[in-house]
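Worksheet for the structure shown next.
The values are calculated or read from the model by the stated rules, or taken from the named source; none is laboratory data. Please read these numbers as outputs of a predicted model, since none were measured by experiment. In this analysis, Cβ positions are derived from the backbone assuming ideal geometry, glycine residues included, and neighbour counts consider all displayed protein chains. Please note that ligands, DNA and RNA were not included when accessible areas were found on the heavy atoms of the full protein model with its side chains. Shrake-Rupley method; radii C 1.70, N 1.55, O 1.52, S 1.80 Å.
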There are 2 protein chains.
Amino acid sequence: MKKGLSETCYRFFVNLANPARLSILEQLMNQPMSVNELAESIGQEQSMVSHNLKPLLECNFVYIKRDGKKRIYSVNKETVGALFKTVENHAEKFCPTGGKCHLKEG
Amino acid sequence: MKKGLSETCYRFFVNLANPARLSILEQLMNQPMSVNELAESIGQEQSMVSHNLKPLLECNFVYIKRDGKKRIYSVNKETVGALFKTVENHAEKFCPTGGKCHLKEG
DNA sequence: TTTTCATATGTGTTATCTTTCATATAAGCT
DNA sequence: AGCTTATATGAAAGATAACACATATGAAAA
């Protein structure tokens, strides 16, 4: 474990600690999508999706590709796949409520 | 990818998206420690460490063990080790600044 | 049982992030 | 060029979390 990893981790996890961004990543694990397709599939406004795609793109959690007027976003499966796998494993084995943890309510 | 994983992930990552909690986990990857030892090693107040240990404990990112007056905390290496490995890999391969990402400043 | 050490909890202020609405940019079509 | 579609950006209000300080609990020793 390198010194200062905490700082790297912090940016990394702050980026992920948001329900809209996680939904975006989850959707993109299925298939690449345009902004409006994402907005519809997660039930959020286009501007919100754009706002949230920005930090995901900056940290290369997602990639972008032009297609006419559209911007097709895809996910970095190596990183995001690994993360989701770790979360699933943790939820199964360690989460007392099997994934329905309550960070605050308990 | 199961439906609703986003919700699980959210709690999970919110828990991690905090510099004090990440420092705690980083320290505990080296060795189990008491609260005061943790406080000293990360340079934070005892009350802050306690506050931050609480959610880590609730989600079983860390474990606790009594030792006289002290409470010795240890880390869930399976989950936290996997996460740190993923972050390191991402920082090396994908982070444009090699781990010194700027979520906001750029 | 009082004192001390170790840790946990409560609270209010400050700082940060989220969200929405309005607007800007940008590409392609007519 | 003007229009339409697609996406990005700005800014302000509202929601949420962090932090520091004070205090409470709890265990052990005297």
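From the alpha carbon centroid of the stretch B:1-72 to that of the stretch A:1-58 is 24 Å.
Each other copy holds its own label point for B:His51; taking that point as 7 Å from Cα along Cα to Cβ, the gaps run 2.6 nm, nearest first. Which is the longest run of chain A containing none of the GluC sites (Glu not before Pro) found in DSSP loop states (not H, G, I, E, B) with at most 11 other C-beta atoms within 10 Å? So the longest stretch without any such site is A:46-104. In this simple spin-label approximation, A:Arg66 and A:Glu37 carry label points 7 Å from Cα along the Cα→Cβ vector, and these lie 1.9 nm apart. Helix-only arithmetic for chain A: the sum of -39500 (n - 2.57) across DSSP H runs with n ≥ 4, divided by the residue total, places the mean residue ellipticity at 222 nm at -18500 deg cm²/dmol. Between this copy and the others, label points of A:Glu7 are 3.8 nm apart in ascending order, each placed 7 angstrom from Cα in the Cβ direction.
For the A and B pair, go ahead and give the buried accessible area with a 1.4 Å probe, both sides summed, in Å² to 100. Chain pair A/B: roughly 4700 Å² of buried accessible area.
Seen against the Cα atoms of chain B and their longest principal axis, helix B:46-58 is set at about 70 degrees. Of the trypsin sites (Lys or Arg not before Pro) in the stretch B:34-71, the ones in a loop by DSSP (not H, G, I, E or B) with at most 13 other beta carbons within 10 Å are B:Lys69. Counted by Cβ distance under 13 Å from B:Leu57, the other residues give a net charge of +3, where Lys and Arg count +1 and Asp and Glu count -1.
Here A:Gln31 yields copy-to-copy label distances, from shortest upward, of 5.5 nm, the label point defined as 7 Å from Cα along Cα to C-beta. Peptide A:58-64 is shielded by partner chain Cβ atoms: per residue, an average of 4 of them sit within 10 Å of its Cβ. Here the Karplus relation 6.51 cos²θ - 1.76 cosθ + 1.60, evaluated at θ = phi - 60°, turns the backbone of the stretch A:13-27 into coupling constants of 7, 4, 4, 8, 7, 8, x, 5, 5, 5, 4, 4, 4, 4, 4 Hz, with x for every Gly and Pro. Measuring from the axis that maps chain B onto chain A, the chain B residue with the nearest beta carbon and its rounded distance in angstrom come out as B:Ala17, 2. Note on the protein assembly as shown: with neighbouring protein chains present and a 1.4 Å probe, carbon and sulfur make up 48 percent of its accessible heavy-atom surface. Using C-alpha pairs below 8 Å separated by at least 6 residues, the relative contact order for chain B is 22 percent. Stokes-Einstein diffusion for the protein assembly as shown, with the hydrodynamic radius set to the Kirkwood value over Cα pairs and evaluated at 25 °C in a medium of 0.890 mPa s, equals 137 µm²/s. Rolling a 1.4 Å probe over the protein heavy atoms gives the protein assembly as shown an accessible area of 53 Å² per residue.
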